[in-house]
Amino acid sequence: MTDLVQTTEHRGRVTEIRTAAGKRHRLRGDSATDLRVRGGDGGYAIALTAMLLIPIMVFLSLAIDLGAWYAQGSRQQRAADAAAMAGVVWLPDTVKASSVALDVAKANGFTTGVTTAPVVGNATQYSVSVAANAPRYFSQVFQGSSFNMTRYATAAFNKPIPMGSPTNTMGNDVNPANCPGLQPVAAAPCGPQPLLWTASNGPYDNYENGDLYSTRCPGPSGPSGAGCDSPTVNPYYRTTGYEYAVDVAAADVGLPITIQTYDIGNWRRQIATSGNAPQAHGIDIVTTNASANVTRSGAYTFLATDVGQPIWGKVGIPGGTTISSIGGGGTTAVLSNPATATGIRGIEIGYDCNTSIAPWNSVTFSGMVQSNCQVGDDGDLGQNMDLQLYDNDGSDLTVALTTQLSCHLAVSADADWTGLGLNTYKNKWAPVCTFTPTKQGIYPLVVRNSGFVATPGQGGFNPVDFGSGTNAYSLKVTGGTATRLYSLNDMSIFTNAPGSQSRFYLAEIKPEHKGKTLNIDLYDPGDGGGSSAYVMQVQAPAAGAPATVPTKGTVIPSANFATACNYNATPSLTKGGGTLTTATNCAVTTHNAGASGGVYNGNWLRVQVKIDPNYNCGTVLVPDCWWTISYNFGNAGLPTDRTVWSIAVVGDPVHLVG
């Protein structure tokens with residue numbers, strides 16, 4: 001490479017280069033290069049860096065501030081979410097809800113700027129906003145030192161799912177003037193009726209008879225009576241009975257609300273299988289062939305109200321016989337027809353059964369009836385019944401049994417046999433109490449027949465565990481404008497009305513449950529007789545508002561209601577057990593034609609429904625959110641279906657909605 005030894009400049013511009021060999025290279029025009037300028041590139045970089053430093057610092061300060069604002073916003077949002085979810089569970093008690101929400105916000109670092117309020121028009125939603133100043137660290141050079149940041153949250157809770165009734169009544173409402181034989185029927189003038197009763201089995205009954213929770217005795221082969229107290233007590237037995245919700249509307253706060261019960265006593269309504277079994281509205285008598293004069297056998301007596309009433313009994317009492325007169329202080333009677341046999345026999349007195357259905361059709365009867373009697377109360381021993389109302393605990397989510405109100409009714413089993421309860425409770429509505437609610441929401445009503453202690457109760461008797469058999473009854477609330485009554489947690493019912501079909505309300509499933517799974521569990525469905533099969537069908541809400549008794553429903557699966565329905569075809573000993581398979585039209589056979597017992601006798605049936613993600617009841621087109629049961633017993637069905645139902649929607653009952 002040639003060594004550069006000398007350069008010639010003109011006006012600061014290199015114009016000539018000489019080499020060591022003496023060669024000269026002249027540079028002209030644009031080829032002339034200012035080597036001193038090229039040697040100064042470092043100054044240009046410094047100048048450029050100085051120019052960019054200010055915007056870089058601006059962006060860096062904004063990034064730092066944005067990160068701080070994001071972190072603070074997250075803290076505010078978490079506080080708002082937590083406060084809303086903590087407060088919503090106390091609705092409709094807005095004072096308690098606000099207090100709890102503010103405490104939770106404070107625990108999360110926000111003592112001021114917190115606003116709480118229920119959502120207008122929605123009694124199960126609660127909103128919280130958390131406002132706070134967000135400081136500017138570097139960006140305050142360009143704006144103020146801080147600005148107000150607000151985060152919002154709305155939480156909702158799902159109330160306990162109402163079961164059994166959208167109205168103020170649970171069970172049949174039988175008017176003796178309109179219902180011959182006190183038999184509930186679907187048609188007017190007696191109907192419409194739901195054709196079901198609320199029910200409890202006595203504590204010394206086997207639970208395989210259909211009541212899993214009120215009975216001490218295990219099944220299917222365990223002992224009954226007092227012998228099942230120990231050590232083989234039914235593992236599912238509980239002393240709390242069954243709970244019902246008296247759901248007080250906002251407009252009814254401060255108004256008197258009356259709770260009533262129909263036929264709360266355990267009256268025996270069927271002919272005894274043995275001649276000396278005690279009768280609630282009947283006695284054991286001694287008859288003489290060809291004589292109309294009879295005498296009592298045992299301690300039970302005729303009542304003055306028995307005169308003129310028809311009676312039925314074992315062979316020896318002609319069909320259509322009535323009591324003409326009584327004497328001897330209720331120890332003797334004269335029948336309208338002479339007896340056709342001699343001996344001791346049990347008789348049933350009065351219109352407790354449907355006289356138009358065999359064997360009550362003026363034909364001598366020598367057997368035992370369970371299916372056609374008014375409520376189907378049975379058992380040789382009565383039950384102590386106890387009804388207690390509890391105060392609203394301030395939360396419709398928990399519905400705790402906290403404070404007993406002075407609203408209580410105790411009915412002694414003695415009333416069954418002495419006649420004390422016949423005029424007060426039998427075949428009629430009787431008041432439990434009248435109370436004045438101070439809050440909107442659920443007041444739990446507990447109905448139980450066991451778990452008592454051997455001390456005098458409010459009803460004037462020793463409410464110890466006693467009795468067996470089934471006690472069926474109804475409940476009702478009156479007063480106010482929109483207060484409802486429905487089952488909570490479990491629905492214990494008895495369906496015994498003869499006929500081809502029974503329809504009743506199952507549960508109210510609202511739109512917040514869309515896209516979730518609905519589990520329907522039944523214990524021991526399908527009991528009864530006759531030659532027809534029993535088919536139970538779950539149906540979604542139908543168009544139109546709910547009526548006293550449902551007349552129609554939507555067959556599922558169906559778009560916007562349910563995408564699938566499955567059930568366990570094989571009976572399960574455990575709740576929710578068994579392999580599920582498709583239930584066509586969500587219909588399940590619970591009793592095969594001609595069978596002596598139900599398919600699920602002493603076992604569980606689960607029906608699982610996949611609720612459509614687009615499910616949206618409660619609208620103008622479908623204002624009804626009540627799902628129903630259509631139970632077809634066929635033309636020759638004689639149901640005595642004593643079942644316990646439970647409903648559950650899989651999902652979190654407390655959740656954020658906004």
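The values are calculated or read from the model by the stated rules, or taken from the named source; none is laboratory data. No experiment lies behind these values; they were computed from the predicted model shown. Cβ coordinates were reconstructed from backbone atoms using ideal geometry, including for glycine residues, and neighbour counts include every protein chain displayed.
Yes/no matrix, rows are residues, columns are (1) touching a Leu at 6+ places or on another chain (Cβ under 7 Å); (2) within 24 Å of Asn234 (Cα to Cα); (3) small (Gly, Ala, Ser); (4) in contact (Cβ under 8 Å) with a residue 60 or more places away in the chain:
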residue	(1), (2), (3), (4)
Ser572	no, yes, yes, no
Gly594	no, no, yes, yes
Gly598	no, yes, yes, yes
Leu605	yes, yes, no, yes
Asp612	no, no, no, yes
Tyr631	no, no, no, yes
Gly634	no, no, yes, yes
Arg642	no, yes, no, yes
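Within the stretch 581-629, track down each residue that is more than 16 Å from Gln537 (Cα to Cα), surrounded by fewer than 18 Cβ atoms within 10 Å (Cβ to Cβ) and at pLDDT 90 or above.
Pro613, Asn614
Could you check the stretch 550-570 and list, in sequence order, the residues that are more than 18 Å from Thr517 (Cα to Cα) and surrounded by fewer than 18 Cβ atoms within 10 Å (Cβ to Cβ)?
Thr551, Lys552, Ala569, Thr570
Which one of these does Leu389 not meet: (1) crowded, with 23+ Cβ neighbours inside 10 Å; (2) at pLDDT 90 or above?
(1)
Test of understanding: among Ser450, Ser500, which residue is surrounded by fewer than 17 Cβ atoms within 10 Å (Cβ to Cβ) and either among the acidic types (Asp, Glu) or at pLDDT below 90 (or both)?
The unique qualifying residue is Ser500.
For the stretch 526-551, which residues satisfy the criterion of being in a strand (DSSP E or B) and aliphatic (A, V, I, L, M)?
Scanning the stretch 526-551 gives Val535, Met536, Val538, Ala540.
Quick test of your reading of the structure: Leu506 fulfils all but one of (1) buried (at least 18 other Cβ atoms within 10 Å of the Cβ); (2) modelled with pLDDT under 90; (3) in a strand (DSSP E or B). Name the failing condition by number.
All conditions pass for Leu506, except number (2).
Of Ala83, Ala79, Ala97, which residue is crowded, with 16+ Cβ neighbours inside 10 Å, touching a Leu at 6+ places or on another chain (Cβ under 6 Å), at pLDDT 80 or above and assigned to a helix (DSSP H, G or I)?
Unique residue meeting the criteria: Ala97.
Taking into account only those residues within the stretch 552-569 that are assigned to a loop (DSSP other than H, G, I, E, B) and either in the same structural domain as Asn172 (by TED's automatic domain parsing) or touching a Gly at 6+ places or on another chain (Cβ under 9 Å) (or both), which is farthest from Ala482 (Cα to Cα)?
Ala569
Please verify whether the stretch 546-559 includes one or more residues that are touching a strand residue (DSSP E or B) at 6+ places or on another chain (Cβ under 7 Å) and farther than 17 Å from Asp624 by Cβ.
Yes: one or more hits.
Just checking, which of Ala562, Ala507, Ala542 is out of contact with any helix residue (DSSP H, G or I) (no Cβ under 6 Å at 6 or more places or on another chain) and more than 26 Å from Thr198 (Cβ to Cβ)?
Being out of contact with any helix residue (DSSP H, G or I) (no Cβ under 6 Å at 6 or more places or on another chain) and more than 26 Å from Thr198 (Cβ to Cβ) holds for just one of Ala562, Ala507, Ala542, which is Ala562.
Grab the strands (runs of 3 or more DSSP E) fully contained in the stretch 570-658, keeping just those with 2 or more residues being over 23 Å from the mean Cα position of the chain (by Cα).
580-582, 587-591, 637-639
Out of all the residues in the stretch 101-128, which are buried (at least 20 other Cβ atoms within 10 Å of the Cβ) and either assigned to a helix (DSSP H, G or I) or free of Cβ contacts under 8 Å to residues at least 12 places away in the same chain (or both)?
Hits for the stretch 101-128 are Ala101, Val104, Ala105.
Out of (1) in a loop (DSSP other than H, G, I, E, B); (2) modelled with pLDDT of 70 or more; (3) of a type in the set (Val, Ile, Thr), what's the single condition that is false for Thr355?
Single failed check for Thr355: (2).
Going through Ala543, Ala547 one at a time, which residue ends up being outside the structural domain of Leu397 (by TED's automatic domain parsing), surrounded by 14 or more Cβ atoms within 10 Å (Cβ to Cβ) and either within 23 Å of the chain's Cα centre (by Cα) or closer than 30 Å to Tyr236 by Cβ (or both)?
Just a single option satisfies the conditions, and that option is Ala547.
Can you name the residue in the stretch 631-658 that is modelled with pLDDT under 85 and of a type in the set (S, T, N, Q) and is also surrounded by the most Cβ atoms within 10 Å (Cβ to Cβ) among such residues?
Thr640
Every residue, every condition in (1) assigned to a strand (DSSP E or B); (2) at pLDDT below 85; (3) within 19 Å of Thr288 (Cβ to Cβ), yes or no:
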| site | (1), (2), (3) |
| --- | --- |
| Tyr300 | no, yes, no |
| Thr305 | no, yes, no |
| Gly308 | no, yes, no |
| Ile317 | no, yes, yes |
| Ile326 | yes, no, yes |
| Ala341 | no, yes, yes |
| Arg345 | yes, yes, yes |
